[in-house]
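Note sheet for the following structure.
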Ligand SMILES: NC(=O)c1ccc[n+]([C@@H]2O[C@H](COP(=O)([O-])OP(=O)(O)OC[C@H]3O[C@@H](n4cnc5c(N)ncnc54)[C@H](OP(=O)(O)O)[C@@H]3O)[C@@H](O)[C@H]2O)c1
């Protein structure tokens, strides 16, 4: 794979929260990591600054107007090669000079580039959990066919990966993902009806993009992660669990058939799993301080109240249903969260829209990716059609 001694990285979603943390990791390891391509939706000025700082030759922009503005500006280094739209992102994912593609584009836009990267035999470092929820069966098959390495960047899955590595799947009895509990962990059910966008964007432990922060507040994030874990590690739904852990220090626990449990611990910052995924299997000093166990540290675990957080119960149901049910859950959630962030939907309508859409669209066992994408489109249409009834 790598002909140079450095791992050459394509970073899709370079201007976002994961993107920024990835740049911190790359900047800390110039002898090991090299950025060869960056992409975003529309923030071209931010991409230009990254291109100059890291001398990145390839730049992708999803948005046409932003691409035109970027091409006309003199903000990018001379000779920058621009790539536009989804086709441009997909071209970047299979760049011959790249070794690893890190996909951190919010939502499912990164699906085609992820498949392209795996098909081209690149390593895929995957942050966008929605992709495995939508099309896990096909993404995992693409990785297996090419023997490509799929490294989870999501902190909980990266933690499971670290605990499970070197062990047989048959020896794993259960995995437990931890949840901080999001912005409303301690709110009584009655107060949730008054939640505003600003309330939902106040995450207690993590600084992340708006969509995932709202998903953390509804616990849809944990639901998506349970489905993602099932796909990544080839587990049954009854082996995948979640628990509230307010400190966000333990990211996941893996229980083995002999009764032992392994856990992965690190401070709540994405630089840890990102660095693990980019340098794997090597280790190097991290960009932030590790935990200090000589200081007082308490770790609590408590069950999740699925009555207050119905998105978790719905996730469990779609895992048991299988087929395209997780894709419907994800599509309806994306539509509902976007409407909530736009101020067009009350917070408690998010699970209602997801639940209604799951009743409206039947789940099927998909035989092709096209079939999954058609269900995804149907679910989005069915969710959008419900929005006027909830108008705030
Ligand atoms: N943040 C975390 O700590 C965290 C942890 C685990 C997993 N994740 C997952 O990582 C993904 C990214 O999360 P985030 O928090 O970094 O999101 P974010 O801060 O909102 O950033 C999203 C990034 O995606 C880009 N983007 C959005 N739509 C795009 C499109 N159509 N084409 C190309 N680029 C597009 C954005 O570009 P513009 O800036 O130009 O809009 C931005 O670079 C999500 O799937 C999330 O679930 C995040």
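The values are calculated or read from the model by the stated rules, or taken from the named source; none is laboratory data. In this text the structure is predicted, and so the values were computed from the model without any measurement. With ideal geometry, Cβ positions are generated from the backbone for all residues, glycine too; neighbour counts draw on all protein chains shown.
Here are a few things to note about the model shown:
- Restricting 59, 133, 105 to those that are within 15 Å of the ligand (Cβ to nearest atom), in contact with a helix residue (DSSP H, G or I) (Cβ under 7 Å, 6 or more places away or on another chain), modelled with pLDDT of 95 or more and closer than 30 Å to residue 316 by Cα reduces the list to 133.
- Residue 102 being crowded, with 24+ Cβ neighbours inside 10 Å, within 24 Å of residue 135 (Cβ to Cβ) and within 19 Å of the chain's Cα centre (by Cα): yes
- Where helices (runs of 4 or more DSSP H) fall wholly inside region 157-236, the ranges with 3 or more residues that are within 19 Å of residue 264 (Cα to Cα) are 220-233.
- Taken over region 237-268, the criterion of being out of contact with any helix residue (DSSP H, G or I) (no Cβ under 7 Å at 6 or more places or on another chain), under 30 Å from residue 100 (Cα atoms) and in a loop (DSSP other than H, G, I, E, B) is satisfied by 248, 249, 267, 268.
- Screening residue 275 on (1) closer than 26 Å to residue 330 by Cβ; (2) within 16 Å of the ligand (Cβ to nearest atom); (3) in a helix (DSSP H, G or I) shows it passes everything except condition (1).
Listed here are the residues, each with its yes/no results for (1) within 16 Å of the ligand (Cβ to nearest atom); (2) modelled with pLDDT of 90 or more; (3) at positive phi.
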site: 168; (1), (2), (3): no, yes, no
site: 171; (1), (2), (3): no, yes, no
site: 175; (1), (2), (3): no, yes, no
site: 186; (1), (2), (3): no, no, no
site: 190; (1), (2), (3): no, no, no
site: 196; (1), (2), (3): no, yes, no
site: 201; (1), (2), (3): yes, yes, no
site: 207; (1), (2), (3): yes, no, no
